[in-house]
1. Out of the residues in the stretch 61-80 that are on the phi > 0 side of the Ramachandran plot and modelled with pLDDT of 90 or more, state the one that is farthest from the chain's Cα centre (by Cα).
2. Give the residues of the stretch 81-118 that are assigned to a strand (DSSP E or B), within 15 Å of the chain's Cα centre (by Cα) and surrounded by fewer than 17 Cβ atoms within 10 Å (Cβ to Cβ), sorted by residue number.
3. Please give the number of the condition residue 76 fails out of (1) touching a Gly at 6+ places or on another chain (Cβ under 8 Å); (2) touching a residue at least 24 places away in the same chain (Cβ under 8 Å); (3) buried (at least 17 other Cβ atoms within 10 Å of the Cβ).
4. Is it true that residue 63 is charged (D, E, K, R) and more than 18 Å from residue 40 (Cβ to Cβ)?
Amino acid sequence: MLRLLLRPVLRMSVLSISTLFVTSAFAHDLWISRNSYRNPAGEWCCGAEDCGVVSPNAVKTSKGGYSLRGPVTYGMGATGNEADGPTRQENLNEIVPYSQTLPSPDGAYWRCKRPDGTPRCFFAPPSGS
C-alpha cells in the first residue's frame, strides 16, 4: 500500500529533477549561440560564458571601426540568469573594424571572446536604431 502511495511522489521528483537539468541547459542558450552566429573568419561566436554586454558609453564610432574603451559585463549581469554564472566585468581598450561587426538583433552591443581573452565576435545595433 505504501509503495502505491509513493509511486506518484517518486514520478514527480524524477520529473522535477529532469526539468531542472533541461532548464539549466537552456539558460546557457543565449541568442548568439542559438542562432549559430559566426565571425567573418568562420569561428562560432559562442554563448553566455564568453559573450558579454558592452556598456553603450564605452562604444564610440571612428573612421576605422568601433572604439571600445570601458566595461563589458559577462555572466548573470549580462543575461539576467543565475545559471550563466556570477557577474564578471572586464575593461576593454580595442578597436573592432566595421568589417568584423555583426548586427545585434536585441539592440545592445555584445562582445564574445576567445579563451585567451582576444575578441572573437562583436555585435552592434544596426545604424539608426
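The values are calculated or read from the model by the stated rules, or taken from the named source; none is laboratory data. As the structure is a prediction and not an experimental result, all values here were calculated from the model. Backbone-built Cβ (ideal geometry, glycine too); neighbour counts: all protein chains shown.
1. Of everything passing the filter in the stretch 61-80, 65 is farthest from the chain's Cα centre (by Cα).
2. 88, 89, 90, 103
3. If we test residue 76 against (1) touching a Gly at 6+ places or on another chain (Cβ under 8 Å); (2) touching a residue at least 24 places away in the same chain (Cβ under 8 Å); (3) buried (at least 17 other Cβ atoms within 10 Å of the Cβ), just (2) comes out false.
4. Against the criterion (charged (D, E, K, R) and more than 18 Å from residue 40 (Cβ to Cβ)), residue 63 qualifies.
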